[in-house]
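Reading through the structure tokens given below for one structure.
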Amino acid sequence: MELPGRYMLTDIIKSKTKDGKPYLRAIMCDGEGNRRNGIMFESNKLDFDPQNGDIVDAIGMIQQFGGQDQLKISSMTVVKDADPSDFLPKKGIDCDELLQELELLLLEKITDPHLAALVDRFFKDTETIESFKKMPAAKSVHHAYVGGLIEHTLSIVRLSVLVGDYYKNMVNTEHLIMGALFHDLGKVKEMQAGTGLEYTDSGKLLGHLLLGVEMLNRYISDIEGFPEDLKYLISHLIVSHHGLLEYGSPKKPKTPEAFILHHLDDMDAKLNTFFSIFDKEGVEQGWSGYDRLLERQLFKHS
């Protein structure tokens, strides 16, 4: 049975079948923040040219393809004056409250005058701050909802304070905190602020690690006398936080602070994924289904 629905289109691919007939693939995002694959054959019969971020009314049938649900679309019309934010996953986060907590924590913990100036420069970048508050931390893997980026960043800053205090004789806690603040900031340039689901050209070409270093250097260029060695240490925290070359890090962690940051980031991301899976599958107690990314089933207990 065919079902109607309203969706935001992302990740559009336009191609042709073996016999030369045009078709369209897209990720379909509904008003509940759910995402599913969609396909429409003979897409040349549409009376509009679908673009990423378009809101559409679509009629289609759910079918299985490659072990996943796919919406086979029979008709689709574009909707004018729809609010794109209605089609982003949400979790009821008060982003302004998280931003205030982050700012107060940084003001309390950062005493080095050059790093304090860097924090001040960041918070004065109002355009970036607005994107930072609203952006998901990822499209689908972890913290993939409005405000996910600031929630994840604040979590890593909090953890950096705790772990830095525990290892205070071995690590520079202020460096670790600054790495936590900036480690994913490049995502505001990597993804479209309008939808939070599409990658920009610069995001595809460079990725958020290099974009984050670029943003850091821009802030530092406005701070007189910022030490070169300090710039490189903070930059290293950003470029190495994925931990391994095969995970996208240009460099492996080579300082104690970078090593800690990598593991804090990985832990926070994976724990968020755990509970997102439990929520999505409605698991109150017991086992989840098999997750291909984590390569395991997950167990929720009381």
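The values are calculated or read from the model by the stated rules, or taken from the named source; none is laboratory data. Not measured: the values here are computed from a predicted model. With ideal geometry, Cβ positions are generated from the backbone for all residues, glycine too; neighbour counts draw on all protein chains shown. These accessible areas exclude ligands, DNA and RNA; they are computed on the full protein's heavy atoms, side chains included. Shrake-Rupley method; radii C 1.70, N 1.55, O 1.52, S 1.80 Å.
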Extended-chain gain in nm, criterion 0.36 nm per residue less alpha-carbon gap, residue 116 and residue 300: 62.1 nm
Entries in 204/280; 109/251; 187/251; 133/300 that, when Cα-Cα distance is taken, lie over 23 Å: 204/280; 109/251; 133/300
Additional length obtainable on full extension of the chain from residue 37 to residue 291, 0.36 nm per residue less Cα span: 89.7 nm
Computed helical MRE - 222 nm, the chain, DSSP H runs ≥ 4 contributing -39500 (n - 2.57), nearest 500: -13000 deg cm²/dmol
Against the rule of thumb 2.2 N^0.38 Å, how large the Cα Rg of region 2-85 comes out: 1.02
Over region 193-296: Rg over Rh, Cα atoms, Kirkwood Rh: 1.08
Residue of 179, 66, 225 that the Gaussian network model of the chain assigns the largest fluctuation, springs spanning Cα pairs under 10 Å: 66
Of all accessible heavy-atom area on the chain, the percent that carbon and sulfur account for (1.4 Å): 52 percent
Alpha-carbon centroids, region 206-231 and region 49-79: separation in whole Å: 42 Å
263, 152, 114, ranked by accessible area, largest first (probe 1.4 Å): 263, 114, 152
Per residue, in Å², the accessible surface of the chain once ligands and nucleic acids are set aside, probe 1.4 Å: 54 Å²
Approximate spin-label separation residue 245-residue 279, in nm, with each point projected 7 Å along Cα-to-Cβ: 3.7 nm
GNM result for the chain, Cα springs below 10 Å: residue of 275, 65, 123 fluctuating most strongly: 65
HN-Hα J in Hz across region 78-86 - Karplus 6.51, -1.76, 1.60, θ = phi - 60°, x for Gly and Pro: 7, 10, 8, 6, 7, 8, x, 5, 5
